[in-house]
Amino acid sequence: MNDTSHQSYAALLNHLESLHRRGDRAELAILRRSLGKAPGASPEVFRIIGRFLPESPRAEEDCFLVAALFAKHPLSWPPAGDEARGARNFGASMHKLKLKREGRSEGVERRFSALLVASREELGDHLRHAISLLASDEVAVDWLKLLDDLGWWHLEDRHVQRRWARAFWRFAESAEGVQMEDNQAESQEGDE
């Protein structure tokens with residue numbers, strides 16, 4: 001991701017946030033209706049976000065997708081410095097949803113696993129379903145981080161998917177690790 005694209009993404013997200021803050025329901029509805037359609041299928045969407053679109057066709061597609069998803073669920077993580085952005089990826093949002101749905105989180109994990117293996121072409125549909133889940137439980141998304149990550153989704157090393165997976169399962173794994181360590185310490189104390 002180059003600096004120009006990142007600045008363009010940040011400007012787009014600032015614009016979307018301002019639409020939400022102003023309560024511009026008409027503009028957000030236009031963006032929502034574009035979800036699932038080909039980028040540029042609606043000239044109205046270009047009117048709303050066109051000045052923020054980067055030159056790259058793939059990055060432009062990502063902007064269309066994220067703008068429509070944001071309009072569906074305009075709840076954002078609070079601002080953070082660049083060092084905290086990595087820990088606030090989409091996997092972290094899905095993890096928060098899993099915690100909120102304690103005892104009924106199997107569907108969240110299943111949906112997230114399907115998202116991780118989605119191809120670039122399938123990604124929009126999987127994200128739309130995931131955003132619906134996040135919206136139903138009012139879990140925030142780091143929209144800028146999501147937009148940045150989409151640009152790397154296609155890479156063979158799958159580093160975005162691996163980061164999301166670590167964020168989603170990290171707390172469960174660390175809690176299990178602590179529990180195992182506690183159990184081992186108790187059994188060693190009993191042997192003494």
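Just so it is clear, none of the values below were taken in a lab; they were calculated from the coordinates. Remember, it's a predicted structure, so these values are computed and weren't measured experimentally.
Just so you know, the averaged projected area of the alpha carbon convex hull for the range 7-84 sits at 5.4 nm². In sequence order, the range 43-55 has phi-based couplings of x, 4, 5, 4, 4, 7, 10, x, 5, 9, 7, x, 6 Hz under the Karplus curve 6.51 cos²θ - 1.76 cosθ + 1.60, θ = phi - 60°, and Gly or Pro positions carry x.
Cα centroid distance between the range 117-176 and the range 16-66, in Å? Computed from Cα coordinates, the inter-centre distance equals 20 Å. For residue 76, the amide hydrogen comes within under 5 Å of the amide hydrogens of 141, counting only partners 5 or more places away or on other chains and with H modelled in the peptide plane. Rounded to two decimals, the Cα-based Rg/Rh of the range 104-150, with Kirkwood Rh, is 0.96. Residue-normalised convex hull volume from the C-alpha trace of the range 1-132: 122 Å³ per residue.
Calculation over all alpha carbon pairs of the range 1-50 in 5 angstrom steps from 0 returns a P(r) of 5, 19, 24, 24, 18, 8, 1 percent.
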